[in-house]
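Below is one structure, written out as structure tokens; comments come after it.
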Amino acid sequence: MSEYSWPWENGRRMPDAASAWTETVRVLPVGTRITGEVVGRQPFGVFLSIDDRPDAAGLARIDRKPRCMELPTVGQRVTGEVVWHTDHNHQVGVVLGEWAEHEDLLPRFRVGQVVAGRIIKVASIGVFVRLADCVEGLVPFTGPTASSESFREGQEMSVQIVEIDHERNRILLAVPVP
């Protein structure tokens, strides 16, 4: 199975969402908790078969997914909450429970701040350091004497935040000068 698929490629029929749309909106208003199964996966999100609503087409869009989480796989059971309805294509928008419960910690960090982190990867360009859940930054190797030899994965280290690019979710770090 490829990483992406449509529901019918996974043996699922497409629901008759149009004829059941009025009833779907009535029984699944915004705020309703749902459970279901992932039946299709695309770069823009996952299609859901909502339990007890065979004619409802659910969609959890990727723009609601925290940047460090993965899309659930086809066949995975999920829970969530209805957050919108789209009349033109008869879809029920869902935010998955694990996405809604995840706090984005990036806004807590500030340029100039010195923080502790753990090295998660040593690469040819520098050291990747995890500062918090889903918050990682790069200490680039600079200068001719910089090398990976003095770093190891799992090592704790203090770093200083040099730059935060909120649009690209990137943090540039440096080893603080004593």
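P(r) of the chain in 5 Å steps, Cα pairs, percent per bin? In whole percents, the pair-distance histogram is 1, 8, 15, 15, 12, 10, 9, 9, 8, 6, 4, 2, 1, 0.
Solvent exposure of the chain, expressed per residue, is 58 Å² of accessible area, with all protein chains present and a 1.4 angstrom probe.
Taking 16 Å as the cut-off, the amide N atoms of region 33-55 that come nearer than this to a point 7 Å along the Cα-to-beta-carbon line of Ala18 belong to 55. Working from Cα pairs under 8 Å separated by at least six residues, relative contact order for the chain is 15 percent.
Here region 38-178 has 49 percent of its accessible surface on carbon and sulfur atoms, given a 1.4 Å probe and all protein chains in place. Normalised size of region 99-142, defined as Cα radius of gyration per 2.2 N^0.38 Å with N residues, equals 1.29. If you bin all the Cα-Cα distances of region 106-178 at 10 Å, starting from zero, the percentages per bin are 20, 57, 21, 1. What the Cα convex hull of region 17-74 gives, in volume per residue, is 95 Å³.
In terms of packing, defined here as the mean over residues of other Cβ atoms within 10 angstrom, the peptides 22-33, 56-67 line up highest first as 56-67, 22-33.
The values are calculated or read from the model by the stated rules, or taken from the named source; none is laboratory data. Computed from a prediction, not measured in an experiment: that's the story for all the values here. No Cβ is skipped: glycine too gets one built from the backbone with ideal geometry, and neighbour counts run over all protein chains shown. Remember, those area values only see protein heavy atoms, side chains included, never the ligands or the DNA or RNA. Shrake-Rupley method; radii C 1.70, N 1.55, O 1.52, S 1.80 Å.
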